[in-house]
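Asks: A single structure is presented below for examination.
All of the numbers you see were taken from the coordinates with simple rules; none came from a lab. These numbers come from a predicted model, not from an experiment. When we count neighbours, we look across all protein chains shown, and the Cβ atoms used for this are built from the backbone with ideal geometry, even at glycine.
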Amino acid sequence: MDDPLNAPHALFEGHQLLARGPLQQVVAEAVARVGVGADGRPLLLLNDGSGETVDLDLRGGLAQVLERLQARLAPALAAPQEAAAPRERGRPRLGVVAREVTLLPRHWEWLASQRGGASQALRRLVDEARRREQEQGLPASPEARYKAMSTLAGDMPGFEEASRLLFAGDEAGFARSIAQWPQDLRDYLGSVSAEAED
């Protein structure tokens with residue numbers, strides 16, 4: 001399972017980016033600043049992958065804050081291990097969940113020709129896509145970018161137009177619509193646009 005403390009996040013004070021990187025590094029910055037900006041307002045911690053804000057409980061030291069976050073973000077890691085059941089005959093349970101996938105015949109033909117068969121090929125494709133998203137460390141969907149934009153720039157002029165362009169997939173128009181926003185906001189939101197064009 002991926003470590004949630006290494007997931008990319010960003011810390012903002014108003015429209016100013018204070019830190020960006022793995023969650024544990026960004027939280028360390030928030031703890032050092034006692035969770036408030038120079039003006040006394042709370043700092044905003046955003047998950048780069050989902051665009052959502054992350055609530056911080058800053059009681060105690062950094063280790064305690066990170067421990068609470070890890071327990072909240074990955075309940076499976078914090079849950080005690082189940083007692084080992086006696087081993088049954090047959091294939092071991094690997095946590096595989098069978099679900100239905102609807103594809104066109106040409107997709108099924110391609111999957112069937114891959115080494116390991118369709119299931120293994122789909123797992124490889126999904127794992128590769130997840131790895132790319134994590135390496136980029138940026139909101140992957142318009143919805144995620146919109147959540148981050150709403151939180152950080154909902155009060156900015158041209159927000160509605162930028163939102164329309166974002167969901168229309170007009171990256172150049174989106175970049176133009178946020179051109180007058182503070183530099184850190186443009187860099188954070190615009191970096192997604194640049195990668196989407198690659």
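Asks: Simple spin-label model, 7 Å along Cα-to-Cβ: ALA129 to ARG176 in nm?
Replies: Result: 3.2 nm between the two label points.
Asks: Where Rh denotes the Kirkwood radius from the mean inverse Cα pair distance, what is Rg over Rh for segment 4-78?
Replies: Ratio value, two decimals: 0.94.
Asks: If I take R0 = 35 Å and measure r between the Cβ atoms of GLN120 and ARG68 in this structure, what FRET efficiency does the formula 1/(1 + (r/R0)^6) give, to the nearest 0.05?
Replies: Computed FRET efficiency for GLN120 and ARG68: 0.40.
Asks: On to the next question. Taking the Cβ-Cβ separation of GLN183 and ARG59 as r and a Förster radius of 25 Å, what is the calculated FRET efficiency to the nearest 0.05?
Replies: 0.15
Asks: Right, here's the next one. Rounded to the nearest whole Å³, what is the per residue volume of the convex hull around the Cα atoms of segment 142-197?
Replies: 65 Å³
Asks: In nm, to one decimal, how far is the GLU160 label point from the VAL34 one, both placed 7 Å along Cα→Cβ?
Replies: With each label placed 7 Å out from Cα toward Cβ, I get 4.1 nm.
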